[in-house]
Amino acid sequence: MSLGKHPVRSDFGSAGTVHRVNPLVHRPGYRHQFPIGTSGLVVGDGEFLVIAGPCSVENAGYVAIAEAVADAGASMLRGGAWKPRTSPHSFQGLGADALEILVAARASTGLPFVTELLDPRHVAEAAALTDLLQVGARNMSNAVLLREVGRSGVPVLLKRGFGATVEELVRAAEYLLAEGTEDVILVERGIRTFEDSTRFTLDISAVPVLRSLTHLPIIVDPSHAAGHAAFVSDLARAAAAVGADGIMVEVHVDPTIAISDGAQTLDVPAFRALVESLDPILAAVGKRRSRSGNAIAPV
């Protein structure tokens, strides 16, 4: 399907804001909900997804971390196999070996998992094993990777680049849908501003703005926005209150020994407390935590 066959209309808001309607990601009056994996887990339209786990799959000990995270209330596991690090001298991930560990964690916990892809050459291998493929912030505008992931037949999690506008995120999602996938989750993970008290500035307004532009589920990554574990839970609760469809949180049994992103990683007791605090907020906005076996139906 070619994007060229679908004209794009531009509408100018009263404040001068441009809202461009993209033909595939914008279905007025519809909220997309879809299953992830085979466990019955669903996301969107009232189902609030809680994705949690360490930044990286460090070794086989990841399985024990996954079990602790699952017991604390996670809906889904996260773990990096290929890591896009700021420095080439930092840990780059275990690659394909990490996929085997993630599969073992899924078997042990019953929870599906998401992992990030950096290279189109890894898509087929990862798609055969992974429940949700992630295109990270640094690759949001990588058209070659977007096209390959969009053809994979696996649901996709797409993160907003830290220098990207909301419109650019929506256009990136359009690439995925143009290649055939309908099941895409958009992620607000913070943008770069002049404020340096946090790692990035969480653009909480992006959630309602995106909701006006697309039918796709929208989740928030408070860990990368905060950069400090002390701020993560408050930002996560704000995401629930503003109507996000989920959160993606970094959690480790001992953040002090985490190979990557330890400073912004919650320990398991803090994560458990966060999950418990979400339920009344979700009830107030008409949502519930998504768990394996939840029916695909509006709340």
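Points to keep in mind about this one:
- Length-normalised contact order for region 177-251 - Cα pairs under 8 Å, 6+ apart - percent: 31
- Each Lys and Arg Cβ is given +1 and each Asp and Glu Cβ -1; about its Cα centre, region 175-224 then shows a dipole of about 140 debye.
- Distant-in-sequence amide contacts of Gly190, defined by a placed amide H-H separation under 5 Å and a gap of 5 or more residues or a different chain, comprise Asp203.
- The chain, relative contact order in percent, only Cα pairs under 8 angstrom and at least six apart counted: 22
- Relative contact order of region 78-236: 15 percent, from C-alpha pairs under 8 Å at least 6 residues apart in sequence.
- Of the beta bridges in region 77-212, as assigned by DSSP with both residues counted there, near 5 percent are antiparallel.
- Mean residue ellipticity, 222 nm, helices only, the chain: the sum of -39500 (n - 2.57) across DSSP H runs of n ≥ 4, divided by residue count and rounded to 500, is -9500 deg cm²/dmol.
- Other residues within the sphere of radius under 11 Å centred on the Cβ of Thr109, judged by their own Cβ, net out at -1 (K and R +1, D and E -1).
- Shape of region 169-299, Cα gyration tensor, a/c cut at 1.5: oblate
- Label of the coordinate-derived value, semi-axes √(5λ) of the Cα gyration tensor in Å, listed as [x] 35, 24, 22; [y] 30, 26, 18; [z] 27, 22, 20: [z]
- Amide N of region 22-58 lying under 16 Å from the label point, which is placed 7 angstrom from the Cα of Arg288 along Cα→Cβ: 34, 40-50
- Separation of alpha-carbon centers, region 144-174 and region 187-232, rounded to whole Å: 16
Coordinate-derived values only; no laboratory data. Predicted, not measured: the structure shown is a model, and the values here were computed from it. In this analysis, Cβ positions are derived from the backbone assuming ideal geometry, glycine residues included, and neighbour counts consider all displayed protein chains.
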